[in-house]
Amino acid sequence: MIWATAVGWLVFSEVPGPWVVGGATLVIAAGLFVIFREHRLGIDRTRARRAQTPSKA
């Protein structure tokens, strides 16, 4: 997204409007939220695995 905006600005002299900036901000924020949530779930899963007692099979 950053590269596409940079190329549009440098090659075509196209300045992104407020809707483009707002949409990009929303998409970036959603991506960061997903990364944070998945990282958090990974930590919780690791803790749960360590807390389980091994089976005696």
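See the values below:
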item	result
Counted residues, segment 1-16 - those being exposed (fewer than 10 other Cβ atoms within 10 Å of the Cβ) and assigned to a helix (DSSP H, G or I)	5
Long-range neighbours under 6 Å by Cβ, at least six apart or interchain, first residue free of Cβ contacts under 8 Å to residues at least 24 places away in the same chain within segment 1-18, second acidic (Asp, Glu) and part of a loop (DSSP other than H, G, I, E, B)	Gly8/Glu14
Unique match (being touching a Phe, Trp or Tyr at 6+ places or on another chain (Cβ under 8 Å), at pLDDT 85 or above and not charged (D, E, K, R)) among Val21, Val11, Val15	Val15
Number of the condition not met by Phe33 [criteria: (1) open to solvent by 70 Å² or more (accessible area, probe 1.4 Å); (2) at pLDDT below 85]	(2)
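The values are calculated or read from the model by the stated rules, or taken from the named source; none is laboratory data. Since the structure is predicted, the reported quantities are computational estimates derived from the model, not experimental observations. Here Cβ is always computed from backbone atoms with ideal geometry, including for glycine, and neighbour counts include all displayed protein chains. The area values use the complete protein model at the heavy-atom level, side chains included, leaving out ligands, DNA and RNA. Shrake-Rupley method; radii C 1.70, N 1.55, O 1.52, S 1.80 Å.
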